[in-house]
């Protein structure tokens, strides 16, 4: 299913084309939003929503299933997703090279989860739950995360 490019070819793709990704705005039963501190560029060390890239030849539903399992350790079939919108993220660096910028076309979804535990540490090394006010006023939450809540369909 996945077609992985060798790193030289992927570097060229990254330099000249946008990547398509999915982010999940995860809320707990108290309405707090789950964010993880990113371990990779771009946006390294900022608190961000969980998510990931869609791979070549991967159906969107399969990408959602994979990302939710990899990033939240949950089964997709048990979740009710609400589509929030399409966003664009522009970064000066990338996970592959500091001198190549990254452009993501991002599909954002909201998930309400009553129980969160055993979160993986591959992409995020620390997690926090924030109220909307805390999130919007934090200097460690990335601006692109805040964009999800400003003029959006997020029901927080």
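Go through the range 76-90 and report how many residues are touching a helix residue (DSSP H, G or I) at 6+ places or on another chain (Cβ under 9 Å) and surrounded by 14 or more Cβ atoms within 10 Å (Cβ to Cβ).
Within the range 76-90, residues that are touching a helix residue (DSSP H, G or I) at 6+ places or on another chain (Cβ under 9 Å) and surrounded by 14 or more Cβ atoms within 10 Å (Cβ to Cβ) number 5.
Exactly one condition in (1) more than 26 Å from residue 15 (Cβ to Cβ); (2) more than 17 Å from the chain's Cα centre (by Cα); (3) loosely packed, with under 12 Cβ neighbours inside 10 Å is not met by residue 131; state its number.
Single failed check for residue 131: (3).
Identify the residue in the range 64-75 that is out of contact with any helix residue (DSSP H, G or I) (no Cβ under 8 Å at 6 or more places or on another chain) and surrounded by fewer than 20 Cβ atoms within 10 Å (Cβ to Cβ) and, among all such residues, is nearest to residue 109 (Cα to Cα).
Step by step, filter the range 64-75, then rank; the result is 66.
Residue 98 passes all but one of (1) out of contact with any strand residue (DSSP E or B) (no Cβ under 6 Å at 6 or more places or on another chain); (2) farther than 26 Å from residue 28 by Cβ; (3) touching a residue at least 60 places away in the same chain (Cβ under 8 Å); which number fails?
Exception for residue 98: condition (3).
If you go through the range 124-149 one residue at a time, how many are over 11 Å from residue 49 (Cβ atoms), in contact with a helix residue (DSSP H, G or I) (Cβ under 8 Å, 6 or more places away or on another chain) and not in a helix (DSSP H, G or I)?
Adding up the residues that qualify gives 0.
Which one of these does residue 44 not meet: (1) in a loop (DSSP other than H, G, I, E, B); (2) touching a strand residue (DSSP E or B) at 6+ places or on another chain (Cβ under 8 Å); (3) loosely packed, with under 15 Cβ neighbours inside 10 Å; (4) in contact (Cβ under 8 Å) with a residue 40 or more places away in the chain?
Among (1) in a loop (DSSP other than H, G, I, E, B); (2) touching a strand residue (DSSP E or B) at 6+ places or on another chain (Cβ under 8 Å); (3) loosely packed, with under 15 Cβ neighbours inside 10 Å; (4) in contact (Cβ under 8 Å) with a residue 40 or more places away in the chain, the lone unmet condition for residue 44 is (4).
Quick check on the range 60-71. Is at least one of its residues over 27 Å from residue 16 (Cα atoms), in contact (Cβ under 8 Å) with a residue 40 or more places away in the chain, part of a strand (DSSP E or B) and within 14 Å of the chain's Cα centre (by Cα)?
No, the range 60-71 has no match at all.
From the list 8, 32, 27, which one is surrounded by fewer than 14 Cβ atoms within 10 Å (Cβ to Cβ) and either farther than 30 Å from residue 114 by Cα or in contact (Cβ under 8 Å) with a residue 12 or more places away in the chain (or both)?
Just one listed residue meets the conditions, 8.
Return the residues of the range 112-123 that are touching a helix residue (DSSP H, G or I) at 6+ places or on another chain (Cβ under 8 Å) and within 22 Å of residue 87 (Cα to Cα); say none if nothing qualifies.
Correct list: 123 only.
Read-outs: derived from the displayed coordinates by stated rules, not from any lab. Quick caveat, the model's predicted, so the values are computed rather than measured. Counting neighbours? That spans all protein chains shown, and the Cβs are built from the backbone with ideal geometry, glycine included.
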